[in-house]
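Presented below is the structure to which this report refers.
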Amino acid sequence: MEEYYQRHKLRYFRVALTRLTWPAERQQAWLREIGIPVCADELALEFDDFYEDLGRSPGHGEATPALAELDCLLTRMSGEVNAHLWTFDALAAEPDWRRVRELATAALAVLPDHAG
């Protein structure tokens, strides 16, 4: 049963990671669709929820460095002083968001289909 839950979590982790790879326009559309029309926080929060549970565990092979760097970048982008990075406009204009997309794409490309 535990293996089933791990696979389930990994599937949702992949979904969260995939959303971080999307172009800004698609991210903005998804945020509007889920009822968050002005703030990009949900993209990072969703990733962080699963990364806390799955991402830091062993077994992510070649994806581990990109996941760790992505986590560090999102953490660095956090806080009141960086509120400007979490706007819809920032998704399209800020270099940090381009780097988020690069790291998420790199991690997703080599993330194993199983955890552990």
Problem set entry | When residues of segment 67-86 are limited to those that are under 16 Å from the mean Cα position of the chain (by Cα) and open to solvent by 30 Å² or more (accessible area, probe 1.4 Å), the one farthest from LEU111 (Cα to Cα) | SER78
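Can you go through ASP96, ASP89, ASP49 and tell me which one is touching a helix residue (DSSP H, G or I) at 6+ places or on another chain (Cβ under 6 Å) and open to solvent by 10 Å² or more (accessible area, probe 1.4 Å)? Let's see the steps before the verdict.
Details: ASP89 fails: touching a helix residue (DSSP H, G or I) at 6+ places or on another chain (Cβ under 6 Å); ASP49 fails: touching a helix residue (DSSP H, G or I) at 6+ places or on another chain (Cβ under 6 Å).
Just one listed residue meets the conditions, ASP96.
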Problem set entry | Check on ARG76, modelled with pLDDT of 95 or more and of a type in the set (D, E, K, R) | yes
For this session: Can you confirm whether segment 77-100 contains a residue that is without any contact (Cβ under 8 Å) to a residue 60 or more places away in the chain, closer than 15 Å to TYR51 by Cβ and in contact with an Asp or Glu (Cβ under 8 Å, 6 or more places away or on another chain)?
Result: yes
For this session: Would you mind finding the one in VAL110, VAL100, VAL81 that is of a type in the set (Val, Ile, Thr) and modelled with pLDDT under 95?
Result: VAL110
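The values are calculated or read from the model by the stated rules, or taken from the named source; none is laboratory data. As the structure is a prediction and not an experimental result, all values here were calculated from the model. As a convention, Cβ positions derive from the backbone with ideal geometry for all residues, glycine included, and neighbour counts pool all protein chains shown. Areas reflect the complete protein model, heavy atoms only, side chains present, ligands, DNA and RNA absent. Shrake-Rupley method; radii C 1.70, N 1.55, O 1.52, S 1.80 Å.
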